[in-house]
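One structure is given below, encoded as structure tokens.
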Amino acid sequence: GILTGLFLLKIAETFGVSKGVMGQINTLSSVIAVIFALFMGLLSVRFKHKLLLIVGLLSLSVSAIGCYIAWDFYSMFALYSLSGIGIAMVSPMAIAMIGEHLALEKRARAVGLVIAGGSLAYLIGAPIMGVIADFGGWRMTLLGFVIPFSLVSLFLAFVSVPSAPSSHESSVGAESYLESLREIVTNRSAIGCLIGNVFRNAAFMAILLYSTSFFIERFWLPEDRASLVILGAALCYTLGSVVGGSLVSRIGRKLSTVSTAILASTFTISYAYVPSLWLSLALNFTSAWFMGMMASAASSLTLEQVPRFRGSMMSLSSAATSLGSAVGAAVGGMALIWYDYETLGSILGVMGVASAVIFYFLTTDPTHGKT
């Protein structure tokens, strides 16, 4: 994500394509993540979640190595897409294991911390990768940062993640998977969470994928300073994720999700319209803050929908968020090809508002009134 967010223009220049076309590598990766996440619903009832987590981290490592050696646009397109498999495996298993191993009163905070951990990659990685790129180009950031950290995460998963199987991991038949699907698709609130996650993650692409390029092109921000944009947004997203876990405990999962979705969308729409660099940055960072809170709240709400089949539910949720990433990347790219950044922010921001409406009318909090 840092690679395409910070170096999208440079990567496009390397392979001789436009920034809109280059942005579609995220689209393909997200589409693959959607497809594989659906398959993960079956794997999650057949294999231990720790094993799936480790295989997913291995896929991310292989993708990083592949991107380093990519020789043309098409090889970069294909090798980057392997990260979609890793995302489809790592994200749902990390959240599902929280539901399996922690008590209810500890889950919201833990979900917030896990999401914050993901954004810490941007907080730590953006400035380091910016410095590395100054000396060796964008490829060297993979060799000097992404690949080593991928391998470290793989090692930590082996030694630190609990491996005790949950009750449903012993169910190995296709019937168990079909039962989990039936329980999910007949649950209106679960479906509402999945649809809401598509729209909220599509809106997030305005911050994650396109905002750095916006500041480079609109305000002529040098790339080394553009890395600070990612740094600031990552810090706000990280803090928002942690605060979001606490907010869930205070006002509930549903209300937290709806309110933060509305606020995040409002600031997403506004940051591209203001003529001042500093005001635009402030609006962008505020949007990132509420995006972090929304991610924490929405993930906590989704986790509790179908307790019997957390692995399948979170795998479908991963498919939904990956689909949202694909939609957001594709729509954003088309907006840049045909129109401008203002149109991009408006369209994706409206998608965030739509997510708030969906969460409000279609979902319920099964833990409402509980500790």
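The values are calculated or read from the model by the stated rules, or taken from the named source; none is laboratory data. Please read these numbers as outputs of a predicted model, since none were measured by experiment. Glycine also receives a Cβ, built like all others from the backbone with ideal geometry; neighbour counts cover every protein chain displayed. What goes into the accessible areas is simple: the full protein's heavy atoms, side chains included, and nothing from ligands, DNA or RNA. Shrake-Rupley method; radii C 1.70, N 1.55, O 1.52, S 1.80 Å.
Only one entry in 121, 108, 116 is in contact (Cβ under 8 Å) with a residue 60 or more places away in the chain, part of a helix (DSSP H, G or I), closer than 24 Å to residue 300 by Cβ and in contact with a Gly (Cβ under 6 Å, 6 or more places away or on another chain), namely 108.
Residues of the stretch 153-174 that are at pLDDT 55 or above, assigned to a helix (DSSP H, G or I) and closer than 21 Å to residue 37 by Cβ: 153, 154, 157.
Going through 2, 11, 69, 25 one at a time, which residue ends up being among the aliphatic types (A, V, I, L, M) and without any contact (Cβ under 8 Å) to a residue 24 or more places away in the chain?
So the residue among 2, 11, 69, 25 that is among the aliphatic types (A, V, I, L, M) and without any contact (Cβ under 8 Å) to a residue 24 or more places away in the chain is 69.
Just one residue in the set 60, 113, 104 is open to solvent by 60 Å² or more (accessible area, probe 1.4 Å) and under 26 Å from residue 316 (Cβ atoms); that residue is 113.
For residue 298, the criteria (1) more than 17 Å from residue 364 (Cα to Cα); (2) within 14 Å of the chain's Cα centre (by Cα); (3) of a type outside the set (Val, Ile, Thr) hold in every case but one, which is (1).
Of all residues in the stretch 8-23, none satisfies being more than 23 Å from residue 71 (Cβ to Cβ) and open to solvent by less than 20 Å² (accessible area, probe 1.4 Å).
When the helices (runs of 4 or more DSSP H) confined to the stretch 213-318 are screened for residues that are in contact with a Leu (Cβ under 7 Å, 6 or more places away or on another chain) and within 19 Å of residue 197 (Cβ to Cβ), those reaching at least 2 such residues are found at 253-270, 277-303. Residues of the stretch 328-342 that are within 17 Å of residue 4 (Cβ to Cβ) and surrounded by fewer than 22 Cβ atoms within 10 Å (Cβ to Cβ): 330, 331, 334, 335, 336, 337, 341.
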